[in-house]
Amino acid sequence: MLKTVTNWHSNLGLDSYLVNRLTFEILERGEIPSYDVIASNIASQIVAHRLGYFPAWVSDWRCNFVGLEQ
């Protein structure tokens with residue numbers, strides 16, 4: 001699992017560099033990369049947007065839908 005880069009490194013662009021390298025590594029393997037981020041993590045959303053990722057879906061993993069099925 002990729003851990004969040006600290007603010008000190010973020011100012012140097014290390015976060016964008018690492019995500020970019022990982023994205024291309026995944027593409028070179030013939031896979032489709034995805035970028036998952038919690039809605040409250042604005043810094044991570046900015047990194048994703050900067051590298052061309054865009055919101056494809058939104059979910060709230062905290063919701064419990066048990067008993068709501070028909």
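Please verify whether Tyr53 is part of a loop (DSSP other than H, G, I, E, B), in contact with a helix residue (DSSP H, G or I) (Cβ under 6 Å, 6 or more places away or on another chain) and modelled with pLDDT of 85 or more, treating the condition exactly as stated. Considered against the rule, which asks whether it is part of a loop (DSSP other than H, G, I, E, B), in contact with a helix residue (DSSP H, G or I) (Cβ under 6 Å, 6 or more places away or on another chain) and modelled with pLDDT of 85 or more, Tyr53 comes out as no.
Pro33 meets the conditions (1) out of contact with any Ser or Thr (no Cβ under 6 Å at 6 or more places or on another chain); (2) assigned to a loop (DSSP other than H, G, I, E, B); (3) modelled with pLDDT of 85 or more in every case but one. The failed one is (1).
Of all residues in the range 30-47, those that are aromatic (Phe, Trp, Tyr) have Cβ atoms under 6 Å from Cβ atoms of residues that are part of a loop (DSSP other than H, G, I, E, B), 6 or more apart or on another chain, in Tyr35/Tyr53.
The values are calculated or read from the model by the stated rules, or taken from the named source; none is laboratory data. Model, not experiment: these values are computed from the prediction. For neighbour counting, all protein chains shown are included, and Cβ atoms are generated from backbone atoms with ideal geometry for every residue, glycine included.
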